[in-house]
Structures are given as structure tokens and as C-alpha cells.
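Visitor: Quick one: the structure is below, and I'll ask about it shortly.
Bear in mind these aren't lab numbers, they're just calculated from the coordinates by the rules spelled out. Note that the structure is a prediction, hence the values are computed from the model and not measured. All Cβ positions, glycine included, derive from the backbone under ideal geometry; neighbour counts span all protein chains shown.
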Amino acid sequence: MNLLELAGLEEIFLGLYLMAHGGIHLIFIFNFFDEEKNVYTGWSGRSWLLEKVLSRKLTSYVGKITWVVVAILFVVSGLGVLDLLAIDEYLVLLILFSSTFATLSFIAFYNGLSPTPYHWILGVVIDLVLIFFLIVFPNEIGFLLPILAVIFLWAVLFHNKVIPQSTT
């Protein structure tokens, strides 16, 4: 089955998953301090790439806009999957673009992600899985959903146990 043939729970799961995946990118607009764990969480406003050509302040503005755009792209993708927006003919392309843009953003702002970049690698894994399935198996989207469910369960149940907590 392809993306446009999803129905019922599959459609709801993928639509909500995409919207939640986009929404989590909004944490990168801020840099929160967690007093309990003594770490910052979010994005510090730094970019190893952009700071070579832009001021730190402009890099911060570009980054914040980038993270909002990533969130919007995934939310719109999710709404499209849920058939709440009439974008069927662009839906696959939109999800591919959203995932690619999010991955490139992660790479560009890698050194500014807190507590450490590997805490956020799960988002890149989701993006790469989406890209892979939409390009390699566009008519087998049914296989994508269990993989996304496993990633979600791993994140909820094991993420903090597998990734060590930073104290810096």
C-alpha cells in the first residue's frame, strides 16, 4: 500500500507521528536549563557551519526560523496524511523535503544541540527511515509503520537508559 492508501488507525498513527516529530523540533528554539540534572536542553544558538559566514546573533535568528520551518513542514505533512489538507499530490514530496531539511538542519546546528548532539540522534533516525521508505519502498508504507512504532517505544522506554545523562 502506498501513502495515499492508508486508512483508519494507520493513517491516524502516521499523521500524529509526523506532527509530534515536527513539534519536538520546537525545543530547539530555546535552551532550557534543567536544574535537577544540571544540564541545558535544546539549542544554544550555535552552528559550526553558519558561524563561519554569519554573526552569532544572525546565526541564532536563522536557526530559530529553521526549527520553526521544520516543525511547520512536519505538522503540515501530518495534516496531509490525516486528509485534513488537500495536498495528496504533494504529500510524498513534502514528507521527503521535511525529513531532508530536518536532517540538514541537525547537521548544520550539530554543535549547538544540548545536552549533547547524540541525545537528538533519534530524530535523524526517524528522518532517515522516512526518506528510505518513501524512496525505496513507496508502495510498502505498511512496513514503515511498525518500524516507527518500535522507534517510538524505544524512545519512551529505553532512550534515557541507553544514552548516558550528561552532567556538563
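Visitor: HN-Hα J couplings of the range 4-10 from phi, Karplus 6.51/-1.76/1.60, θ = phi - 60°, integer Hz, Gly and Pro as x?
Guide: Those phi angles translate into 7, 8, 5, 8, x, 5, 4 Hz.
Visitor: Something else now. Considering the dipole of the chain built from charges on the beta carbon (Lys and Arg +1, Asp and Glu -1) around the Cα centre, which of Phe133, Val156, Val81 is farthest to its positive end?
Guide: Val156
Visitor: Test of the criteria: in the range 27-93, which trypsin sites (Lys or Arg not before Pro) are in a DSSP loop and have at most 14 other Cβ atoms within 10 angstrom of their Cβ? Numbers along the way, then the final one.
Guide: Numbers: sites: Lys37, Arg46, Lys52, Arg56, Lys57, Lys64; in loops: Lys37, Arg46.
For trypsin sites (Lys or Arg not before Pro) across the range 27-93 that sit outside H, G, I, E and B with at most 14 neighbouring Cβ atoms in 10 Å, the list reads Lys37.
Visitor: Nearest 10 degrees, 0 to 90: what angle lies between the long axis of helix 56-81 and the longest principal axis of the chain (Cα atoms)?
Guide: Value to nearest ten degrees: 20.
Visitor: List every residue whose amide H lies under 5 Å from the amide H of Ser114, counting only residues 5 or more places away in sequence or on a different chain, with H placed 1.01 Å from N in the peptide plane.
Guide: For Ser114, whose amide H was placed from the backbone, the distant partners under 5 Å are Gly42, Trp43, Ser44.
Visitor: Dipole size in debye (nearest 20) for the chain around its Cα centre, Lys and Arg Cβ +1, Asp and Glu Cβ -1?
Guide: That gives the chain a dipole magnitude of about 900 debye.
Visitor: Let me ask another. Using only Cα atoms, find the angle between the long axis of helix 141-157 and the longest principal axis of the chain, and express it within 0 to 90 degrees, rounded to the nearest 10.
Guide: It is inclined by approximately 30 degrees.
Visitor: Based on Cα coordinates alone, diagonalise the gyration tensor for the range 82-159, multiply each eigenvalue by 5, take square roots, and list the semi-axes in whole Å, largest first.
Guide: Values: eigenvalues 116, 57, 24 Å².
Ellipsoid half-lengths, sorted descending, are 24, 17, 11 Å.
Visitor: Can you give the alpha-carbon Rg of the range 1-55 over 2.2 N^0.38 Å, where N counts its residues? Before the final figure, lay out each step's value.
Guide: Values: Rg = 17.9 Å, N = 55, 2.2 N^0.38 = 10.1 Å.
Relative to the rule-of-thumb radius for its length, the range 1-55 sits at 1.78.
Visitor: Got a sec? Charge dipole of the chain, +1 on Cβ for Lys and Arg, -1 for Asp and Glu; which of Leu93, Leu113, Asn2 is way out at the positive end?
Guide: Positive-end residue among those listed: Leu113.
Visitor: Does a label point 7 Å from the Cα of Phe158, set along Cα-to-beta-carbon, have any residues of the range 91-134 with amide nitrogen under 14 Å, and which are they?
Guide: 122
Visitor: If you don't mind, another one. Could you point to the label whose value was computed as Rg and Dmax of the Cα atoms in Å for the structure here, given [x] 15.8, 51; [y] 21.8, 78; [z] 16.6, 48?
Guide: Given [x] 15.8, 51; [y] 21.8, 78; [z] 16.6, 48, the calculated one carries the label [z].
Visitor: What does the highest-first list of 20-30, 140-150, 87-97 look like by mean Cβ count within 10 Å? Provide the component values of the computation, followed by the final result.
Guide: Working: 20-30: 18.8, 140-150: 14.2, 87-97: 15.7.
The peptides rank, most packed first, as 20-30, 87-97, 140-150.
Visitor: Just how far, in whole angstrom, is the range 1-49 from the range 125-140 if you go by their alpha carbon centroids?
Guide: When both Cα centres are located, 18 Å separates them.
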